[in-house]
1. I want to check the label-to-label distance for VAL298 and ALA190. Put each point 7 Å from Cα in the C-beta direction and report it in nm to one decimal.
2. Between ALA28, ALA132, ALA299, find the one with the highest GNM mean-square fluctuation for the chain; connect C-alpha pairs within less than 10 Å.
3. What is the distance in Å between the Cα centroid of the range 67-108 and that of the range 271-309?
4. Please give, to one decimal in nm, the separation of the simple spin-label points placed at GLU125 and GLU37, each 7 Å out from Cα toward the Cβ.
5. State the answer as a single residue: which of ALA257, ALA39, MET200 lies farthest towards the positive end of the charge dipole of the chain, with beta carbon charges of +1 for Lys and Arg and -1 for Asp and Glu, about the Cα centre.
6. Ordered by residue, what ³J(HN,Hα) values in Hz, to whole numbers, does the range 281-291 give under the Karplus form 6.51 cos²θ - 1.76 cosθ + 1.60, where θ = phi - 60° and Gly and Pro are x?
7. Per the helix-only calculation at 222 nm, which mean residue ellipticity applies to the chain, given -39500 (n - 2.57) for every DSSP H run of n ≥ 4 and division by its residues, nearest 500 deg cm²/dmol?
8. Under 8 Å for C-alpha pairs, at least 6 residues apart: give me the relative contact order for the chain, rounded to a whole percent.
Amino acid sequence: MALLHVSRRRLWIALVLVVIGAPAYYAAVMYSPKADESAYTFDAAAVRLLADSLPGDKPSEIRFENVMAFEFAGAMVVAGDRWRGTPLPVYSYQLVYPQQTVIVDTAMPRSMAKPDFMVPAYDDEAYGRVSAALPKASLIVITHEHMDHIGGIASYPEPARLLPALRLSREQLAHPETMAPAKLAPELVAGIVPLQYEQMLAIAPGVVLIRAPGHTPGSQMVYVKRADGREVLFLGDIAWHRRNIELVRERPWFMTALVGENRAQVLPELSALHKLAQSNPEIHQVPGHDGEVVQALVAAGLMQAGFEP
């Protein structure tokens, strides 16, 4: 009888834990609220007009370096997905013009890619090519100020050489805490004239920056219209994978809390990108860390692996 009493007590304890824990688990891991669709819009026509507003040749190639990869679980990438290993490759992109290059995002050095950040693979040669390309670029922009996107700038050994090309926004410079453990050199912070724009800004022929705060205060998308007319939209980390856009589902709450993300801003952006994919599928969206999307664009001839020397 005593054994039966203990078993019942344990059963009740287990049931109480389930009752308490199940809602908490759902809220932290499964739930992605409905987006306020009126809070963010993407005006494709206006973006295209701006892309054509600056004279000169548009980029003939889009190249990339796959510097490293994080290894997360799918449930950390898309709320409600399965707990299975999901790679998040880290890229730097190079837009190649006849007489210049533009770099979008710069990855991060091996010194920041420690095992506790779940980094199973790192390519030193790829990072070396990114680092070598930075001082040769006419423009350097980042989609946002997290270490795996700005780390190449922060760790460059001769920061003054990057200053003429570096274009960081006012919001990106105003939030150095979001870069940690990366930290910009004092001469960069003191010398750069921050970009200031409300919605969109053309920075080179065929290239437009589009404000999209939420993942970080300085998050922005980078639209690229190639010389052949084909279009690519770099999303930064508004979405880590295409599934975020297809399902209009955010990262789970515990991940957004970990990175300090504003879900109320990101969800409407995902909704707008979902609508854009339906209305303008010719604009090829590139989430921040989706290797399958990048490889599909390589197969379609829209991107090439390896930076131009």
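We did not get these values from a lab; they are worked out from the coordinates using the rules stated. Just so it is clear, the structure is predicted and the values come from calculations on it, not from any experiment. Cβ: placed from backbone, ideal geometry, glycine included. Neighbour counts: every protein chain shown.
1. 4.3 nm
2. Most flexible of the set in this elastic network: ALA299.
3. If you average the Cα positions of each part, the centres end up 12 Å apart.
4. 4.9 nm
5. ALA257
6. Coupling constants for the range 281-291: x, 6, 8, 7, 7, 10, x, x, 9, 10, x Hz.
7. On the way: 11 runs with 103 residues, N = 309.
When only DSSP H runs of four or more count, the value is -9500 deg cm²/dmol.
8. On the way: 622 pairs, mean separation 70.6, N = 309.
Relative contact order comes out at 23 percent.
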